[in-house]
Amino acid sequence: MSSSRVLVLNSGSSSVKYQLLDMSDGSRLAVGLVERIGEESSRLKHTPLSTGETRGFTAAIPDHDAALKAVAAELAKDGLGLDSPELVAIGHRVVHGGKHFTEPTVIDDTVLAEIERLIPVAPLHNPANLTGIRTARALRPDLPQVAVFDTAFHTTMPESAARYAIDVKTADEHRIRRYGFHGTSHAYVSRATAELLGKAPEEVNVIVLHLGNGASASAVRGGKCVDTSMGLTPLEGLVMGTRSGDMDPAVIFHLMRVGGMSADEIDTLLNKKSGLIGLCGDNDMREIRRRIDEGDEEAQLAFDIYIHRLKKYIGAYYAVLGRVDAIAFTAGVGENAAPVREAAVAGLEELGLVVDGELNAVRSDAPRLISPEYARVAVAVVPTDEELEIATQTYALVKAS
Ligand code: AMP
């Protein structure tokens with residue numbers, strides 16, 4: 001029996017998403033999710049891919065330790081228990097790896113301490129990721145556990161793109177720079193786009209547009225990230241489901257001085273009540289498109305602002321790269337919303353960007369081109385797979401060590 005199973009854990013503050021993969025062929029053995037950890041009505045949903053049937057329960061799951069034990073029990077029912085010798089590693093998604101972590105890293109006490117040191121720049125995410133890691137280590141202390149960082153892919157950005165133009169001493173003291181996020185997705189999609197073009201990643205320049213509820217763009221030259229739209233935190237850049245993205249930082253002083261708002265209130269406003277939901281009350285692109293079809297002007301304006309920002313980033317990254325071989329759309333909106341893809345490149349024919357209406361309308365889970373054959377720049381839809389990427393990086397590291 002081959003030992004090639006990797007468990008991928010994505011631990012949030014009150015949730016754990018997991019996938020068990022067989023890395024001999026990259027297939028899924030089980031996927032699932034525990035939600036509302038710490039509440040009376042926590043929920044576990046588990047799907048073994050052997051049957052494809054989802055099962056689960058609703059009951060109080062007090063903490064991450066109990067959640068992971070419940071997951072282990074579900075996996076064991078399908079003969080996929082965490083004590084199986086076939087399980088070779090656990091891969092953890094870690095949101096912030098700062099400047100330090102440029103690669104997936106086998107977790108030891110020093111690595112844990114460094115992830116903890118980064119909490120001030122990722123107060124929402126790193127504590128939850130750490131809890132997941134500690135729990136998994138307690139359960140299987142003998143098993144290699146690997147941290148795969150959302151920021152790692154962006155550590156190749158040159159200083160000219162990573163630095164903010166603020167006082168250097170202040171920036172360094174508080175570790176203020178552009179880190180970027182969604183790196184696992186940008187890495188996976190840029191590589192898969194090169195593959196779709198039949199080329200090696202080193203040969204192509206790609207603009208990746210990861211458009212989910214959170215959204216970010218990246219400029220990837222020869223497989224390496226040279227710029228990305230998220231910064232110190234995931235707030236910068238594109239218009240998102242609930243985040244504002246770019247704006248004049250003086251808006252914050254204005255809201256403090258004139259609006260009487262506190263830093264925490266403004267944080268909530270810009271991260272949770274802005275973007276599409278702030279503009280029109282909906283953050284789901286399906287609902288926004290439905291409203292537009294009914295002639296809703298508020299939804300139309302929200303869509304137009306979203307597209308305007310997206311176009312600005314396409315233009316900016318075109319200039320940063322100089323030559324672009326492909327633009328790749330990914331994540332919930334990018335993979336599913338044909339009108340967003342069409343509008344984002346409309347009028348950019350001079351840049352070699354054209355979308356074929358018929359190809360764009362095709363619904364599929366496969367990576368595909370939506371530009372006509374004659375187009376100078378390929379436009380692609382490439383479904384992202386962050387779990388597979390985390391498992392691939394984890395497995396490669398464990399095999400090599
Ligand atoms: P993600 O964060 O990648 O899971 O993306 C979630 C977002 O994708 C949702 O909030 C929707 O806005 C969008 N989305 C998902 N399915 C569709 C669809 N069929 N058409 C348009 N937008 C979609």
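Computed from the coordinates by the stated procedures, all read-outs in this text should not be read as laboratory data. Remember, it's a predicted structure, so these values are computed and weren't measured experimentally. Glycine gets a Cβ as well: all are built from the backbone with ideal geometry, and neighbour counts include every protein chain shown.
Qualifying trypsin sites (Lys or Arg not before Pro) in the range 333-401, where qualification requires a DSSP coil assignment and no more than 15 other C-beta atoms within 10 Å, comprise Arg363, Arg376. Projected onto its three principal axes, the C-alpha set of the range 1-140 covers 42, 40, 21 Å, listed from the longest axis down.
To test your reading of the geometry: what angle, between 0 and 90 degrees and rounded to tens, separates the Cα axis of helix 263-272 from the longest principal axis of the chain? On a 0 to 90 degree scale, this one is about 90. If you bin all the Cα-Cα distances of the range 169-275 at 5 Å, starting from zero, the percentages per bin are 3, 12, 18, 18, 16, 13, 9, 6, 4, 2, 1, 0. At 25 °C and 0.890 mPa s, what whole-number value in µm²/s does Stokes-Einstein give for the translational diffusion of the range 1-81, with Rh from the Kirkwood sum over Cα pairs? The diffusion coefficient I find is 192 µm²/s.
Connecting C-alpha atoms closer than 10 Å in a GNM of the chain, tell me which of Leu255, Leu197, Leu75 has the biggest fluctuation. In the Gaussian network model the winner is Leu255. Loop-resident GluC sites (Glu not before Pro) (DSSP state other than H, G, I, E or B) in the range 50-95 with no more than 10 further Cβ atoms inside 10 Å of their Cβ: Glu53. Counting only Cα atoms, the range 230-270 measures 27, 17, 16 Å along its principal axes, largest extent leading. By the Cα gyration tensor, the range 327-382 has an equivalent ellipsoid whose semi-axes, rounded to whole angstrom, run 17, 11, 9 from largest to smallest.
Using only Cα coordinates, the Kirkwood hydrodynamic radius of the range 281-361 works out to 13.6 Å. When the Cα gyration tensor is reduced to axis lengths a ≥ b ≥ c, the ratio a/c is 1.5 or higher for the range 136-185, and with a/b above b/c it is classed as prolate. If you take the charge dipole of the range 201-254 about its Cα centre, with +1 on Lys and Arg Cβ and -1 on Asp and Glu Cβ, which of Gly241, Met230, Ile252 is farthest toward its positive end? Positive-most Cα among the choices belongs to Gly241.
When the chain is treated as a GNM with alpha-carbon contacts under 10 Å, the residue of His186, His308, His254 showing the greatest mean-square fluctuation is His254.
Annotation note: GluC sites (Glu not before Pro) in the range 245-336 located in DSSP loop regions with a Cβ neighbour count of at most 16 within 10 Å are Glu294.
Distant-in-sequence amide contacts of Gly91, defined by a placed amide H-H separation under 5 Å and a gap of 5 or more residues or a different chain, comprise Leu7, Val8, Leu9, Val146. Per-residue Karplus couplings for the range 333-342, computed as 6.51 cos²θ - 1.76 cosθ + 1.60 with θ equal to phi - 60°, are listed in order as 6, x, 7, 10, 9, 4, x, 5, 4, 5 Hz, Gly and Pro entered as x. Electrostatic tally near Ile176: other residues with Cβ closer than 14 Å to its Cβ, Lys and Arg +1, Asp and Glu -1, net +1. For the chain, the C-alpha radius of gyration divided by 2.2 N^0.38 Å, with N the number of residues, is 1.00. Here the gap between Asp108 and Leu143, fully extended at 0.36 nm per residue and compared with their Cα-Cα distance, gives a gain of 11.5 nm. Taking the 0 to 90 degree range and rounding to the nearest ten, how far is the long axis of helix 386-400 tilted relative to the main principal axis of the chain, both from C-alpha atoms? Once rounded, one gets 50 degrees. A cut-off of 5 Å between modelled amide H atoms, ignoring neighbours fewer than 5 places along the same chain, links Cys225 with Thr156. In this structure, the amide hydrogen of Ser42, modeled 1.01 Å from its nitrogen in the peptide plane, lies closer than 5 angstrom to those of Ala59, Ala60, Ile61, counting only residues at least 5 positions away or on a different chain. Of Asp109, Asp63, Asp22, the residue with the greatest mean-square motion in the GNM of the chain, using alpha carbon springs below 10 Å, is Asp109. Using the alpha-carbon centroid of each, what span in Å lies between the range 325-390 and the range 137-153? Here the two parts' Cα centres lie 33 Å apart.
Principal axis analysis of the Cα atoms in the range 236-383 yields extents of 56, 38, 25 Å, listed in decreasing size. Volume of the convex hull of the range 195-255 (Cα atoms only), normalised per residue: 85 Å³.
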